[in-house]
Amino acid sequence: MQSTEQETSFLSDRILALAESQTIAMAKKARELAAQGHDVINLSFGEPDFQTPDYIKEAAKKALDDGFTFYTPVPGYLDLRQEIVAKLKRDNDLDYKPENIVVSTGAKQSIANAVMCLVNPGDEVIIFSPYWVSYEEVVKLAEGIPVQVKGNIENNFVITPQQLEDAITSNTKLVMYSSPCNPTGSVFSKDELLAFARILEKHPQVYIIADEIYEYINFTGEHASMAQFDFIKDRVITVNGFSKGYAMTGWRVGYIAACKEIADACDKMQSQITSGTCSIAQKAALAALKGGKSAAEEMTAAYLRRRDMVLGLMKDIPGIKTYVPQGAFYIFPDISAYFGKTTTEGKVIHNSFDLSMYLLNDAYVAAVSGDAFGADECMRFSFAASDAKLEEAMGRLKVSLAKLK
Ligand code: PMP
Ligand code: GLU
């Protein structure tokens with residue numbers, strides 16, 4: 001009898017069942033090929049290609065000189081939480097107190113905290129799909145049951161209120177989505193969120209994780225928050241952070257705003273797992289918020305220009321179906337027209353993973369297969385890269401795809 005990894009490994013069932021993050025796995029493959037001397041254009045990893053703005057770096061240097069080298073309070077420095085409260089009022093018209101805020105080691109940890117604090121084994125968690133890679137795995141880690149509700153490209157991947165309503169059962173505990181969305185760039189308008197909120201109002205056992213990490217990278221000019229609807233506000237966990245808007249991916253600072261019970265639970269969770277996040281990074285995050293949004297606006301203008309450039313170039317590639325992303329820095333086109341085609345070496349492309357591997361090895365362009373986001377017919381390309389790299393990547397894509405017969 002053939003033994004499975006699960007039967008033979010000394011590792012826990014929990015970790016064996018966990019999938020590796022596909023965004024990180026693809027970025028790793030791209031780096032390996034680059035290390036072998038190949039000219040790889042990496043459009044797989046979701047991070048700004050900009051440096052953290054100088055005024056933020058200066059604040060970090062000052063924090064060191066001022067001696068901020070000790071453990072920090074588990075939910076974050078009070079001055080940072082106060083500044084987050086001010087930001088939530090200024091940008092989102094949301095009223096919170098510092099006791100509602102828990103700063104963590106990135107929005108990724110904030111999401112994991114919230115899921116761990118809310119989901120019991122067997123609870124259903126509705127995930128708007130396509131979804132960010134980590135949602136499903138973190139729900140499984142909490143022994144919850146992920147339930148995907150899927151939008152389609154014709155509708156800019158926005159699901160309908162009816163789809164949400166149909167997915168809710170007496171076992172539903174949580175709903176999760178990102179807006180602007182990773183991987184699609186879709187943005188929910190206030191009216192769309194209100195329609196979801198009215199449905200959720202009828203189900204008081206259901207909580208909502210609203211992941212707003214791409215808030216500042218929004219091309220519509222309007223950002224709406226689920227917590228703005230008072231009738232469900234206490235059930236909404238708003239997740240945000242500094243990685244995307246302020247180009248601070250490596251600093252590892254994210255946060256939630258939630259009712260006190262959930263905030264206290266997340267505080268307790270991270271008190272046992274990580275403690276408060278890095279002192280220097282928190283002081284940098286404080287300076288970032290105090291500096292307002294102008295740096296984010298400059299970067300967003302560049303992302304918008306690049307989005308349009310990539311869209312223009314993709315339109316020229318047969319078999320790629322596009323739409324117009326409204327935020328974030330990804331495009332998630334339908335590439336399924338290439339399924340069933342064969343490479344010059346005779347290998348058949350069965351799915352988005354096969355296509356991503358082909359493009360990596362033939363064009364040296366790294367992108368993430370759509371199956372990682374719950375949509376195998378698509379592939380995610382980041383446009384957080386220089387204009388020259390994007391242009392070159394789209395050119396290579398066209399050539400490599402044309403070779404598939
Ligand atoms: N949510 C979404 C939708 C993301 O794309 C990311 C990016 N990694 C995160 C959360 C986590 O961000 P952070 O770097 O703050 O952990
Ligand atoms: N959020 C980014 C992405 O989607 C970074 C990678 C990750 O944290 O998984 O690519």
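Against the longest alpha carbon principal axis of the chain, how many degrees, from 0 to 90 and to the nearest 10, is the axis of helix 54-65 turned?
Taking the Cα atoms of the chain, the angle to 54-65 is about 50 degrees.
With charges only on Cβ, +1 for K and R and -1 for D and E, what is the dipole size of region 1-133 about its Cα centre, in debye, rounded to 20?
Numbers: 13 positive and 20 negative charges, 42 e Å.
Once rounded to the nearest 20, the dipole reads 200 debye.
Report the percentage of all Cα-Cα pairs in region 64-164 whose separation exceeds 18 Å, rounded to a whole percent.
Pairs farther apart than 18 Å: 64 percent.
For region 39-122, which trypsin sites (Lys or Arg not before Pro) are both in a DSSP coil and crowded by at most 15 other Cβ atoms within 10 Å?
Taking region 39-122 and a limit of 15 other Cβ atoms within 10 Å, no loop trypsin sites (Lys or Arg not before Pro) are found.
Going toward the positive end of the dipole of region 1-133, with +1 on Lys and Arg Cβ and -1 on Asp and Glu Cβ, which of Ala34, Ser104, Phe10 do you reach last?
The listed residue farthest towards the positive side: Ser104.
With springs only between Cα atoms under 10 Å apart, run a GNM on the chain and tell me which of Glu212, Glu20, Glu298 wobbles the most.
Glu298
Run the dipole for the chain about the Cα centre, Lys and Arg Cβ at +1, Asp and Glu Cβ at -1, nothing else charged, and hand back the magnitude in debye, nearest 20.
Roughly 580 debye for the chain.
Per DSSP H run of n ≥ 4, the term is -39500 (n - 2.57); total these for the chain, divide by its residue number, and report the mean residue ellipticity at 222 nm rounded to 500 deg cm²/dmol. Could the numbers behind the result be given before it?
On the way: 14 runs with 165 residues, N = 405.
Here the helix-only value at 222 nm equals -12500 deg cm²/dmol.
How far is helix 22-35 tilted, in degrees, relative to the longest principal axis of the Cα atoms in the chain, given as a value from 0 to 90 rounded to the nearest 10?
60
Using only alpha-carbon positions, what ratio does the radius of gyration of region 229-269 give when scaled by 2.2 N^0.38 Å?
Relative to the 2.2 N^0.38 Å estimate, region 229-269 comes out at 1.38.
Looking at the chain only, what percent of DSSP beta bridges run antiparallel? Nearest 5 please.
Around 45 percent of the beta bridges assigned by DSSP in the chain are antiparallel ones.
Hey, what's the Cα Rg ratio for region 346-399 versus the globular rule of thumb, 2.2 N^0.38 Å?
Cα Rg divided by the expected 2.2 N^0.38 Å: 1.14.
Enumerate the whole-percent occupancy of each 20 Å bin, from 0 to the last occupied one, for all C-alpha pair distances of the chain.
For the chain, the binned pair fractions read 27, 58, 16, 0 percent.
Out of Gly292, Tyr323, Tyr214, whose Cα points farthest toward the positive end of the dipole of the chain (charges: +1 Lys, Arg; -1 Asp, Glu; placed on Cβ)?
Result: Gly292.
Would you mind checking the tilt of helix 190-201 against the longest principal axis of the Cα atoms of the chain, expressed as 0 to 90 degrees and rounded to 10?
Helix 190-201 sits roughly 70 degrees off the main axis of the chain.
So which chymotrypsin sites (Phe, Trp or Tyr not before Pro) in region 221-316 pass both tests, a DSSP loop state and at most 13 other Cβ atoms within 10 Å of the Cβ?
Within region 221-316, the qualifying chymotrypsin sites (Phe, Trp or Tyr not before Pro) (loop, at most 13 other Cβ atoms within 10 Å) are Phe231.
Among the lysines, which fall within straight-line cross-link reach of Lys97, defined as a Cα-Cα distance under 17 Å, with same-chain neighbours fewer than 8 residues apart omitted?
Lys87, Lys89, Lys233, Lys260
Where a number appears in this text, it was derived from the coordinates with a stated rule and is not lab data. What you see is a predicted model, and the numbers here were worked out from it, not measured in a lab. Cβ: placed from backbone, ideal geometry, glycine included. Neighbour counts: every protein chain shown.
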